[in-house]
Structure formats: structure tokens, C-alpha cells
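Please read the structure below before turning to the comments.
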Amino acid sequence: MQDLVLSGVKPTSIPHLGNYIGALKYWVELQHTYRCAFMIADLHAITVPQNPAELRARTIDTAAMYFAVGILPERCFVFVQSEVPQHAELGWILGTIAKMGEMERMTQFKDKSAKEGRERSGIGLFTYPALMAADILMYDTTAVPVGEDQLQHLELTRTLAQRFNTHFGPTFNVPEALIQKHGARIMSLAHPDRKMSKSDVAKNGTIFLDDDTDTIRHKISRAVTDSGSTITFDPIERPALANLMTIYHHMTGKTMPEIEQLFAGKGFGDFKKELAEVTINHLGPIRHRLLEFRKDPSELMTLLNKGRDQAQKLAEQKMTLVRDRVGLGRA
Ligand code: ATP
Ligand code: LTN
């Protein structure tokens with residue numbers, strides 16, 4: 001079987017630097033080794049309330065961002081999850097073999113349902129992992145690049161695939177997780193003890209991939225640093241500076257010793273100024289391509305139509321087998 005990598009993000013905001021370093025940038029590397037499918041997970045996005053007009057705009061923006069960061073349409077198919085209705089169908093079927101206990105153990109569900117209170121949380125938040133399993137199993141995916149937060153969902157996906165195969169006969173490939181070798185959790189510039197996130201209340205904590213040059217300079221100049229004055233990498237003692245150095249590393253490809261040497265004898269001010277410049281240089285072309293897609297979305301629409309058609313074709317093949325195995329519909 002040919003290897004296939006599949007992943008996705010929820011279109012709940014403009015992707016930020018954390019999403020880029022933690023996911024998108026890695027996908028761009030993977031496409032040179034694997035056949036890839038990248039999805040905009042809009043059905044997952046609505047497991048928490050969304051404004052409909054904003055959701056639709058973010059869905060298009062997220063798709064544009066995939067191509068803007070360098071996903072190549074000739075190597076990957078990119079599609080919007082809800083445009084392939086077989087995902088919802090398979091999510092339902094997998095939900096019938098998943099156990100309450102398994103779903104209740106999911107830490108993402110525990111965390112997210114704690115916010116609203118369990119009684120008031122939507123059922124979609126609970127069944128989220130069955131839909132995610134459907135996304136993955138639909139295409140005989142062999143490997144899934146995910147952050148650590150999603151590993152538990154991937155483990156459940158494997159369990160559901162094996163359980164289905166045992167009950168109904170071989171149907172799904174059992175996928176592996178792909179963990180980024182030098183992956184990093186990027187922390188908020190304003191609160192280095194929290195991950196950089198779309199929902200950071202501190203406005204300067206998150207760099208969005210469509211931030212303009214002045215905004216990036218401003219946010220980096222306001223970034224929290226630790227005590228001391230030398231530029232040395234020490235994630236335990238000086239986590240704020242280590243976070244900024246990690247960003248510098250991902251923006252330039254320079255190693256930590258190289259960065260330390262570059263800034264020997266210089267202070268935080270010089271370092272931050274230089275960090276802003278390398279970030280602007282790296283993100284500038286991405287932002288430029290995003291703005292072009294926004295101005296004229298016709299090319300993007302063609303790419304998404306192609307991705308949808310390809311995904312639907314594969315999904316329908318798989319669902320024909322699944323319906324047959326389970327005994328759904330007429331012969
Ligand atoms: P939420 O905060 O709503 O749970 P999220 O940002 O974790 O959302 P997505 O938007 O779907 O979830 O994230 C897409 C990918 O980006 C995931 O693989 C996630 O691990 C990664 N990611 C998100 N924030 C960071 C971060 N600060 N550093 C590194 N990777 C990140
Ligand atoms: N749950 C993931 C997004 C996601 C996904 C997927 C990732 C939805 N379906 C399938 C990999 C494979 C998240 O929150 N990052």
C-alpha cells in the first residue's frame with residue numbers, strides 16, 4: 001500500500017505562528033516524502049459555537065494558508081471536511097463501536113467540557129474523536145502528523161480501526177503517529193507559561209500569519225523576557241528567552257549554538273530587533289500569497305474543487321465497503 005499522510009486544522013482563527021511551527025511547516029516538509037491529504041476541519045470547528053459568516057471566511061482563509069505556506073497541489077489534495085459528507089457518515093458508524101468509557105477518558109473532552117460545565121457541553125465535543133477517526137481511516141492513512149495534544153485521539157483511532165476490523169473483517173489500515181523531530185510548543189509572547197493560542201486574551205501574545213510588518217515588530221518588541229542579559233538557551237531557567245530563540249531557530253534554520261554565537265556580547269534589544277526582522281522575512285511571502293488568494297480566490301476555488309472531488313471519490317469507495325461490511329442499505 002502506498003503511504004498516505006493526512007492531517008488537518010480547525011478553521012477557528014487565522015492560523016498563528018504556533019500552528020505554523022507546530023503543524024503547517026512540518027506538513028510542507030512531509031509532502032516531499034509522502035502522498036498527502038490536508039483537510040480543513042470545519043465539522044470539528046463547530047463542536048464549540050462559531051459565528052457562521054466568520055466560520056466560512058476562516059475556512060477559506062485556512063485553505064489559502066495551506067497553499068500560501070507551500071503545500072503543493074500536485075503532491076497533495078486539500079479539501080474542506082464538510083464537503084465530503086462521507087466523513088460524518090463514517091463518524092456516526094465509528095461512534096456505534098466506541099465506548100462511553102473510552103470517550104470519557106479523552107483529556108481534550110475533559111478540558112473543553114469543563115469550561116461550559118459537562119451538563120451544558122455539546123454532544124459533538126464528546127463524539128469529536130469518532131469523527132477524527134473517520135477522517136483518518138477513510139483514506140487508508142498510514143501516518144498522521146499530530147501535536148502531543150492529539151496523540152490520545154490517534155491512539156483511539158487505532159483502537160477503533162482494530163475493533164472494526166475484528167468485528168466486520170479487514171477494512172481499515174491502522175495508522176501511526178508522526179511526531180516532528182525538532183518540534184516545539186511555541187509559547188505566548190506575553191505569557192511564556194501558556195502556549196501561543198488563537199484565544200490568548202493578551203493581544204500581543206500571538207503572531208498571526210496575516211499580521212503586517214508593523215504588528216509583528218510591535219508584538220516582538222513587547223515580548224516578555226527573563227532576567228539576565230546574555231542570549232543563551234536555557235529553557236528551564238529562562239523559558240521566555242528560550243521560546244524566542246526557538247522561534248528564531250524555526251525562522252532561520254540556525255542552530256541554538258549558532259544563534260548564541262551570533263548574539264554573543266549583545267543584549268535583548270538587539271536580539272528582539274533581529275528576531276522581528278527574520279520573522280518578517282520568513283512570514284512576508286506567506287502573507288503576500290494569502291492576500292493574493294483573498295483578492296482573487298478563483299485559483300483557490302479550483303484547487304478546493306479538485307481536492308473535494310478526489311476526496312469524495314476515495315471516500316465513496318471506502319464507504320461502499322464499510323456499508324457492505326456493516327450490512328447497511330439494500331444489497
Ligand atoms: P484549540 O486551542 O481550539 O484547542 P488548537 O490551536 O490546539 O486549538 P488547531 O487550531 O486545530 O488546534 O491546531 C492545529 C495544530 O497546531 C495542532 O496540531 C496543534 O498541535 C498545533 N498548535 C497549536 N498551537 C500550537 C503552539 N502554540 N505551538 C505548537 N503547535 C501548536
Ligand atoms: N483535532 C485536530 C484537528 C483534526 C485532525 C483530524 C488532525 C481533525 N481531524 C485528522 C489530524 C487528523 C486538532 O485539533 N488539531
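Quick note: the coordinates plus some simple rules give every number you see, no bench work behind them. Bear in mind the structure is a predicted one, so any value in this text is a computation, not a measurement. Counting neighbours? That spans all protein chains shown, and the Cβs are built from the backbone with ideal geometry, glycine included.
For 109, 208, the sequence from fewest to most other C-beta atoms within 10 Å is 208, 109.
Give me the percent of DSSP beta bridges within the chain that run antiparallel, rounded to the nearest 5.
10
Under a 5 Å amide H cut-off, with hydrogens placed 1.01 Å from N, residue 8 pairs with 39 among residues at least 5 apart or on other chains. Model label sites at residue 236 and residue 102, defined 7 Å from Cα along the beta-carbon direction, differ in position by 3.9 nm.
Ranked for footprinting exposure by Cβ neighbours inside 10 Å, fewest first, 181, 198, 99, 272 give 181, 99, 198, 272. When the alpha-carbon atoms of the chain are used, the pair Rg, Dmax equals 21.1, 76 angstrom. Counted over all Cα-Cα pairs of segment 209-248, pairs farther apart than 16 Å make up 39 percent. Can you give the log10 of the normalised intensity I(q)/I(0) at q = 0.11, 0.14 Å⁻¹, computed with Debye over equal Cα scatterers of segment 124-260? Each listed q maps to, in turn, -0.59, -0.80. Evaluating kT/(6 pi eta Rh) at 37 °C and 0.692 mPa s, with the Kirkwood radius of segment 184-331 over Cα pairs in the Stokes-Einstein relation, gives 178 µm² s⁻¹. Subtracting the Cα-Cα distance of residue 326 and residue 110 from 0.36 nm times their residue separation leaves 74.7 nm of extension gain.
All distinct Cα pairs of segment 72-189 go into the 1/r average, and the inverse of that average, the Kirkwood radius, is 15.6 Å. When 271, 168 are sorted by how many other C-beta atoms sit within 10 angstrom of their C-beta, beginning with the fewest, the order is 168, 271.
Both the radius of gyration and Dmax for segment 254-328 are 24.1, 72 Å, in that order, over alpha-carbon atoms. Note on segment 215-281 and segment 1-38: Cα centroid distance 26 Å, given to the nearest whole angstrom.
Report the extension gain between residue 75 and residue 194 in nm, rounded to one decimal, defined as 0.36 nm multiplied by the number of residues separating them, less their alpha carbon distance.
Extra length from residue 75 to residue 194 when fully extended: 39.3 nm.
Per 5 Å bin, what is the whole-percent P(r) computed from every C-alpha pair distance within segment 16-76? Going from the shortest bin to the longest, the percentages are 4, 16, 26, 22, 18, 9, 4, 1. For segment 40-105, the average shadow cast by the Cα convex hull is 6.2 nm², which is a quarter of the hull's surface.
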